[in-house]
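Scroll down for the structure; my scribbles are underneath it.
Derivation of every value follows stated rules applied to the coordinates shown; laboratory data play no part. A quick note: this is a predicted structure, and the numbers were derived from the prediction, not measured.
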Amino acid sequence: MKWLILIMGILSNASASVLVKLAMMPPRKFPSLNDPMGALSNWPFWLGLVLYGVAFLLYAAALARLPLNVAHPVLTAGAVATVATCSYVIFREPFYWTTIVGILLVISGVVLITVRVG
């Protein structure tokens with residue numbers, strides 16, 4: 001159950017990031033002095049904000065079940081890998097071989113941090 005909570009936190013965090021990116025793309029509007037009410041119809045922004053809150057609550061729930069030195073690196077690395085993949089799939093942002101190597105190194109580092117030897 002603790003790992004499911006952490007995975008749901010990763011997915012909430014990554015989804016929130018994708019939604020905020022979507023919210024900042026035309027034709028959507030962010031609050032400005034010229035059109036302060038324009039942001040009210042920007043549903044990706046508000047849903048992203050809610051999902052960041054959900055991600056925080058799931059992270060807190062994971063911390064109740066996992067050590068901080070395990071939960072935080074797994075959540076952070078998972079979100080980084082998921083956002084990098086989503087940025088390529090959804091927004092067609094560049095995805096270089098160095099991105100793949102970087103993701104693999106981050107995941108390898110997290111595995112080394114969380115593995116218990118001895």
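Measuring max minus min along each principal axis, the C-alpha atoms of the chain give extents of 62, 36, 21 Å (largest first). Every helix of 4 or more DSSP H residues in the chain counts as -39500 (n - 2.57), and over all residues that averages to -25000 deg cm²/dmol at 222 nm. Counted residue by residue at 0.36 nm each, then reduced by the alpha carbon distance between them, the extension gain from residue 95 to residue 69 reaches 6.4 nm.
Residues considered: 48, 78, 102. Largest GNM mean-square fluctuation over the chain, using C-alpha springs under 10 Å, is found at 102.
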